[in-house]
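One structure is given below, encoded as structure tokens.
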There are 2 protein chains.
Amino acid sequence: MLLRSLLLLLAVVAAAPRCVADDGYRLWLKYDRVADASRLAQYRAAAQFVAASGGDAVLTTAAAELQRGLQGLLGQAVPRLAAPASTKRGILLAIDPSANVSGSSASRDGYQISAQGKNLVVKGRSGAGVLYGVFALLRQLQTGQSVANLSLTSSPRIQYRLLNHWDNPNGTVERGYAGSSIWKWNELPQRLDPRYTDYARANASIGINGVAINNVNASARYLTAEYLDKVKALAGVMRPYGIRVYLSVFWAAPKVIGGLKTADPLDPQVQQWWKAKTDEIYRAIPDFGGFLVKANSEGEPGPQDYGRNHADGANMLATALGTHDGIVMWRAFVYKAGSDDRFKQAYEEFKPLDGKFSPKVLVQVKNGPIDFQAREPFHPLFGAMPQTPLVLEVQITQEYLGMATHLVYLAPMFKECLDADTQTKGPGSTVARVVDGSLDQHRLSGIAGVANIGTDRNWTGHPMGQANWYAFGRLAWDYTLPSAAIAKEWTQMTLTREPKAVATIVELMDRSRDVYVRYTTPLGLHHIMGQNIHYGPEPWLAQAGRPDWTAVYYHKADSLGLGFNRTATGSNALALYSAGVQQQWGNPTTCPLNYLLWFHHVGWKQPLRTGRTLWNELVTRYYTGADSVTWMQQRWASVQPAVDPALHADVAARLAIQRREALWWRDACVLYFQTFSKQPIPAPFAPPTRTLADVKTLVNLYQLK
Amino acid sequence: MLLRSLLLLLAVVAAAPRCVADDGYRLWLKYDRVADASRLAQYRAAAQFVAASGGDAVLTTAAAELQRGLQGLLGQAVPRLAAPASTKRGILLAIDPSANVSGSSASRDGYQISAQGKNLVVKGRSGAGVLYGVFALLRQLQTGQSVANLSLTSSPRIQYRLLNHWDNPNGTVERGYAGSSIWKWNELPQRLDPRYTDYARANASIGINGVAINNVNASARYLTAEYLDKVKALAGVMRPYGIRVYLSVFWAAPKVIGGLKTADPLDPQVQQWWKAKTDEIYRAIPDFGGFLVKANSEGEPGPQDYGRNHADGANMLATALGTHDGIVMWRAFVYKAGSDDRFKQAYEEFKPLDGKFSPKVLVQVKNGPIDFQAREPFHPLFGAMPQTPLVLEVQITQEYLGMATHLVYLAPMFKECLDADTQTKGPGSTVARVVDGSLDQHRLSGIAGVANIGTDRNWTGHPMGQANWYAFGRLAWDYTLPSAAIAKEWTQMTLTREPKAVATIVELMDRSRDVYVRYTTPLGLHHIMGQNIHYGPEPWLAQAGRPDWTAVYYHKADSLGLGFNRTATGSNALALYSAGVQQQWGNPTTCPLNYLLWFHHVGWKQPLRTGRTLWNELVTRYYTGADSVTWMQQRWASVQPAVDPALHADVAARLAIQRREALWWRDACVLYFQTFSKQPIPAPFAPPTRTLADVKTLVNLYQLK
């Protein structure tokens, strides 16, 4: 009998596809068999079947995903039944609109996991809720938690949790560093790359429920019938995972593809065109999510081309959406040439429009006032537009944070913004509470992350970049989760379960963003990177297409000191914040050192609260920052026995690149700013062995065509 | 005992890495276990060890590749020994500079495989020869040939067999349709993507021995020390596979990165700069292959900027190479604005330079006179420059041949050019004999294929595009191989061994290029594709940056007829060919119909030798061509049981796209040319159900940003 079973098994094995080493494609959904024997026994005992009834498409996905996960984790197939088996223990999945979920009672995405008799029950207020519950349950197993008497409830704090893809029709990805676009437009709709499904799975597993699939610098072609057919096909892949598709729109589409003479939002023909187009979209994609718009920004057309304002434009699209269940996300990333301080411009354009947007419009605001710098103060629009729901836009792709060669875990950066207190309604008026709608009682709430995903086999280029995709999703669901806790669960699911290695990696990840800031833009420096490519240092950049695309515009180094005076004696951008914030940040002795040069022009010899002068503190941060990469290398080396060898070597090689480039940054910035400070490199640091000309030559060559 | 063995096997299985479906990554080097039991037994008996001695790096690679292949094919590990085992049968690898190889006696790349006693011996005239022999032996096993009394000798007919990558520093690939560049410049030299090695393996397996890694529209940055360090790292990966690295150079590099005021090839400082740069390269990469140059072409700088000619430029680089073992491949793809016929320009510029190039220079000539059209007559420079070795440049990437969605097997097209008879030294003066140097007794010979490779998991986007990479390498080695024979061995190694399916697929492949020509550019039409993107039909294109970038420049449709009169009464481009060719092609009644409209403006009602008028023949070809895609779909459907399901579905979906786009082409061209011919669509064909305006709208949207 045993022999017969073995022979059968061998027959299966012989027919099995070939085997390969782990290459990162599976992300955090690896489902390798549980190694701990007692845990494995517990899980096997508890999960002898999956029961789910009803034809809800997302519930069906949930059951299949649970079966798939269990098959891997338990090393055995788990059957799906229509109803619980009375003699066995198993897992029941059920949609229950009144399920008792924690958090926002309004969310249909919440779930409840509980023991019921000998079974575990995963209830959701919708199919999506069950799916999120299933992934939460699998996470318990992946991280080795007990499932005895399991009781978990959760509900997302933010309603619209989107990835924004800056993917172009030709397959390039603006600010993408992981290969080309995963969307194969020339293959759609006839061919559906299997990767689309794996992408949807990964997103659903972290609670992402929307995807804007094309670049905000949008092509009109997505709105043609030809392309809508392709978008429809993608939407069909996303739908069973509870994910809705959104489109970035090109404002001039009514002219370019509609044959109209204008794109004026107050023109009846234009309004009619958008209405008909929107109806056409919903006929093809009944759960279409809505529109994302970059208008009158960086050369994109918009309503201002016709003397209208952003609200005119957004409201026209909202009207076109009509009774369809869709929204407009209108980006506030605007800045005209010629202003005295780019910092203020989005505020000045959008603040007066508060209260003028129709209920289906959310204004999408980047975390900071400039552009995804390694550290920015929170955007002054947060708290300043109480009558308008604001979507927080963060960047997961590391445009200014080392692309795909620097290990920078972004959860601390996301949380720094979410946790920032705007004080606009007194203490506790955090950006998170603005965004989740609780501060101003908004029905709609949203958060968007610019994706770091491409065709690279491991999705994100840098293997550790996967953690940023993961962390974005987890924080979009629940921004109260600690960065380290997210890092820990990701590490356990993705890299290793060895406790000491996990602790080491989590520490390394959690400190990595501060390290990056120290060797690139310490003390509130910003926008001193290589022009256009945003790679490497270029603090000497003084000529560009616009003054606010140079570096000198921002750091304002001179013989006296360094930094942008944004107090009342300067650009007065500080006045955009609430009084409490102004009070703290307006005084250089109370302003957090991390934001100091964002708001103050500080003398080179000015003592800071660290006891060092500005110059000495600046140099100290550049040097210790670069040296911290060596520390990261050492920490990473120490976990070698616990991590897949190929993956370990990959990250180790990237850390070596990071160390080298950290030294570029250090030397470039220290030597350049020294031409103003005329101060020596303080002990114990050794002056760079190369000249400023050397470093300029080195980093400038990356600007060559 | 059986039970114990089974248990042991199960233990191995349990520890094995995860299993995945075949995803095309392994190309034709799959090495799945031999299914035929008697063949397997024969192979196992013959290959009980691999013996190789000596430390030659490429020989070491050969032994390792043989072990790897055998392990897969035989399902068991085969040990490597330093010397043959007296009691067992095995495979001996040995370098023997006097090995008896067929073909060119000068080639160090030749190999000889023979039975010696109970063993098989693979001898090469170099390590690379052994490596090629090993892959030839593995091919025998992969295609199920007997190895009893095996006796194979082979030697390449062409010395330099290169892939040209049009890859840019930012990761994009000019005319690439399979993801982004496989070269990760920001990771080099610290990180070596494992894919580099797999790329080298694949190339070596088909005899490719050189790689120009960057776009001919070159960046100067590759010549900086920073980048040479990266190139050196890549060369280190290629070297053990017998592959040399070449660089495309930016002519103005001495100015852009050298700080000189000129790039005049006759300026002593410029000459000195290139000499020093070349020496620097060879210090880093002792086996560096040489330079590939696109100069004074499509806006690229070149020696003509200083009143010099191409020979001045090429010879200066040859002088810089000095005694280093490297060559200059100088491209003849030049055409200035304003000429009456672009067809003639490369000839007119290069023919007068014949005899003026130094011995290290080869002139690289595209297969046809325009630019990689689906069918071109052979380039008139072939045969016209007897004193200069000419490299044949073909395009493997399908810029004008349906990108990654049309199944077009290119070997017939490559061979059409290679087999073409220039008649410059009498009958039999084929392009192949020009290229291999035999016609004019050249020591150097070369062939280059523009790669179709990217980061897509399966390398080439379209799974069948792998066959074009494969066929290029096989033909570069031996252009006498029949297209169908190459298709057969590729199919057997890659798709299926089922004989009927193999025959069906081979037939489909071998006819595919003629099918593509019929539905896009029959009868010698050319250059009527979508502007810039080269996607879809755009025969109506009449306005572009230059007249010779339009379509009307080439098809010259008018009320009288269609085609470019290149006879003596027209541009007289025909005069560039030898008398015999002129005689045949100059007379519309003897000119092959495939080239008719390349050389003649033919009246719409002119009867052709098919019995149909030009118009009716044109329409017939468009319709039957598009319908042949349906035939391809049916043939592909018939092999479904014999092919991996995911791969079958992938190709089937792409064929559906191809059919749809074939109908675009058909309708666009038939309806557009009908506005000139004023003739009805002949029976039995039904007129298109859409209007010309419909098709224009459809294909034009792909021109939107």
If you check every pair at least six apart or on different chains, which have Cβ atoms under 8 Å apart with a residue in the range B:340-362 that is farther than 16 Å from B:Met329 by Cβ first and a residue that is of a type in the set (D, E, K, R) second?
B:Asp341/B:Arg566; B:Arg342/B:Asp548; B:Phe343/B:Arg566; B:Gln345/B:Lys336
State all residues of the range A:532-549 that are over 19 Å from A:Val670 (Cα atoms), over 23 Å from the mean Cα position of the chain (by Cα) and in contact (Cβ under 8 Å) with a residue 12 or more places away in the chain; if no residue qualifies, say none.
A:Ala544, A:Arg546, A:Pro547, A:Asp548, A:Trp549
Based on this model, can you work out whether A:Ser107 counts as modelled with pLDDT under 95, farther than 30 Å from A:Asn458 by Cα and either not assigned by TED's automatic domain parsing to the domain that holds A:Ala202 or not β-branched (Val, Ile, Thr) (or both)?
yes
Testing A:Arg546 on (1) out of contact with any Leu (no Cβ under 9 Å at 6 or more places or on another chain); (2) modelled with pLDDT of 95 or more; (3) more than 25 Å from A:Arg660 (Cα to Cα), one condition comes back false. Which one is that?
(2)
Test: B:Tyr535 is touching a helix residue (DSSP H, G or I) at 6+ places or on another chain (Cβ under 7 Å), within 20 Å of B:Tyr595 (Cα to Cα) and not in a strand (DSSP E or B)
no
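Got at least one residue in the range A:407-417 being within 14 Å of chain B (Cβ to nearest Cβ) and either assigned to a loop (DSSP other than H, G, I, E, B) or surrounded by fewer than 24 Cβ atoms within 10 Å (Cβ to Cβ) (or both)?
Here is the first cut: in the range A:407-417, the ones within 14 Å of chain B (Cβ to nearest Cβ) are A:407.
Imposing the further condition that a residue be either assigned to a loop (DSSP other than H, G, I, E, B) or surrounded by fewer than 24 Cβ atoms within 10 Å (Cβ to Cβ) (or both) reduces the set to A:407.
Yes.
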Among the residues of the range A:488-529, write down those that are closer than 30 Å to A:Ala668 by Cβ and small (Gly, Ala, Ser).
A:Ser512, A:Gly524
Selection within the range A:211-257 - in a loop (DSSP other than H, G, I, E, B) and among the hydroxyl-bearing types (Ser, Thr, Tyr)
A:Ser219, A:Thr224
Top-ranked residue of the range B:431-453 - restricted to ones that are over 30 Å from B:Thr172 (Cβ atoms) and either among the acidic types (Asp, Glu) or under 19 Å from the mean Cα position of the chain (by Cα) (or both), ranked as surrounded by the most Cβ atoms within 10 Å (Cβ to Cβ)
B:Val434
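Table: residues versus (1) basic (Lys, Arg); (2) at pLDDT below 95; (3) more than 23 Å from the chain's Cα centre (by Cα); (4) over 30 Å from B:Ala653 (Cβ atoms).
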position	(1), (2), (3), (4)
A:Asp96	no, yes, yes, yes
A:Ser114	no, no, yes, yes
A:Val122	no, no, yes, yes
A:Gly129	no, no, no, yes
A:His165	no, no, no, no
A:Asn168	no, no, no, no
A:Arg195	yes, no, no, no
A:Gly207	no, no, no, yes
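Each row is one residue, and each column tells you yes or no for (1) touching a residue at least 12 places away in the same chain (Cβ under 8 Å); (2) among the charged types (D, E, K, R); (3) assigned to a loop (DSSP other than H, G, I, E, B); (4) touching an Asp or Glu at 6+ places or on another chain (Cβ under 8 Å).
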| position | (1), (2), (3), (4) |
| --- | --- |
| A:Val434 | yes, no, no, yes |
| A:Gln441 | no, no, yes, no |
| A:Ile453 | yes, no, yes, no |
| A:Tyr479 | yes, no, yes, yes |
Any residue at all in the range B:170-178 that's in a strand (DSSP E or B) and facing chain A (nearest Cβ under 10 Å)?
yes
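Matching residues to (1) under 22 Å from B:Arg546 (Cβ atoms); (2) in contact with a Leu (Cβ under 9 Å, 6 or more places away or on another chain); (3) in the same structural domain as B:Lys425 (by TED's automatic domain parsing):
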{"site": "B:Gly313", "(1), (2), (3)": "no, no, yes"}
{"site": "B:Ala332", "(1), (2), (3)": "yes, yes, yes"}
{"site": "B:Val361", "(1), (2), (3)": "no, yes, yes"}
{"site": "B:Gly383", "(1), (2), (3)": "no, yes, yes"}
{"site": "B:Val394", "(1), (2), (3)": "no, yes, yes"}
Test for B:His527: is it away from chain A (no Cβ under 14 Å), under 26 Å from B:Phe343 (Cβ atoms) and touching a Phe, Trp or Tyr at 6+ places or on another chain (Cβ under 7 Å)
yes
Within the range A:197-224, of all residues that are touching a helix residue (DSSP H, G or I) at 6+ places or on another chain (Cβ under 8 Å) and of a type in the set (D, E, K, R), the one surrounded by the fewest Cβ atoms within 10 Å (Cβ to Cβ) is A:Arg201
Restricting to the range B:641-687, name every residue that is part of a helix (DSSP H, G or I), buried (at least 18 other Cβ atoms within 10 Å of the Cβ) and of a type in the set (Val, Ile, Thr).
B:Val651, B:Ile657, B:Val670
Name every residue in the range B:377-399 that is surrounded by fewer than 24 Cβ atoms within 10 Å (Cβ to Cβ) and closer than 18 Å to B:Asp514 by Cβ, in order of residue number.
B:Val394
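Which of the residues that make up the range B:688-705 are among the hydrophobic types (A, V, I, L, M, F, W, C) and in a helix (DSSP H, G or I)? Give the steps one after another, and end with the answer.
Filtering the range B:688-705 down to residues among the hydrophobic types (A, V, I, L, M, F, W, C) leaves B:692-693, B:695, B:698-699, B:701, B:704.
The answer is B:Leu692, B:Ala693, B:Val695, B:Leu698, B:Val699, B:Leu701.
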Condition check: at positive phi and touching a residue at least 12 places away in the same chain (Cβ under 8 Å). Does A:Gly326 satisfy that?
no
(1) in a helix (DSSP H, G or I); (2) within 14 Å of chain B (Cβ to nearest Cβ); (3) surrounded by fewer than 20 Cβ atoms within 10 Å (Cβ to Cβ): which one isn't true of A:Thr624, the others all being true?
(2)
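Out of all the residues in the range B:267-302, which are in contact with a Lys or Arg (Cβ under 6 Å, 6 or more places away or on another chain) and either under 24 Å from B:Asp325 (Cα atoms) or of a type outside the set (D, E, K, R) (or both)?
In the first step, residues of the range B:267-302 are kept if they are in contact with a Lys or Arg (Cβ under 6 Å, 6 or more places away or on another chain); the result is B:284-285, B:287, B:289, B:294, B:300.
The answer is B:Ala284, B:Ile285, B:Asp287, B:Gly289, B:Lys294.
When you scan the range A:141-152, do you find a residue that is under 18 Å from A:Leu475 (Cα atoms) and either aliphatic (A, V, I, L, M) or within 22 Å of the chain's Cα centre (by Cα) (or both), even just one? Quick ask: steps written out before the conclusion?
Step one: filter the range A:141-152 for residues under 18 Å from A:Leu475 (Cα atoms), giving A:152.
With either aliphatic (A, V, I, L, M) or within 22 Å of the chain's Cα centre (by Cα) (or both) added as a condition, the list becomes A:152.
Yes, the range A:141-152 has at least one match.
Taking A:Val270 as the residue in question, decide whether it is assigned by TED's automatic domain parsing to the domain that holds A:Tyr227, of a type outside the set (D, E, K, R) and within 20 Å of A:Asn214 (Cα to Cα). Step through it out loud before you land on a result.
Numbers: assigned by TED's automatic domain parsing to the domain that holds A:Tyr227: yes; of a type outside the set (D, E, K, R): yes; within 20 Å of A:Asn214 (Cα to Cα): no.
No: the conditions fail for A:Val270.
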Residues being within 13 Å of chain B (Cβ to nearest Cβ), closer than 12 Å to A:Leu671 by Cβ and β-branched (Val, Ile, Thr): count how many of those fall in the range A:683-698.
1
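Being under 27 Å from the mean Cα position of the chain (by Cα) and of a type outside the set (D, E, K, R), is that true of even one residue in the range B:37-46? Give the steps one after another, and end with the answer.
Let us first name the residues in the range B:37-46 that are under 27 Å from the mean Cα position of the chain (by Cα), namely none.
Within the range B:37-46 (the criterion being under 27 Å from the mean Cα position of the chain (by Cα) and of a type outside the set (D, E, K, R)), the answer is no, since none of the residues qualifies.
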I'm checking my understanding of the structure. Among residues of the range B:249-269 that are touching a helix residue (DSSP H, G or I) at 6+ places or on another chain (Cβ under 6 Å) and hydrophobic (A, V, I, L, M, F, W, C), which one is surrounded by the most Cβ atoms within 10 Å (Cβ to Cβ)?
B:Phe250
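The values are calculated or read from the model by the stated rules, or taken from the named source; none is laboratory data. Because the structure is predicted, anything quoted here is derived from the model rather than measured. FYI the Cβ positions are ideal-geometry reconstructions off the backbone, even for glycines, and counts take in every protein chain you see.
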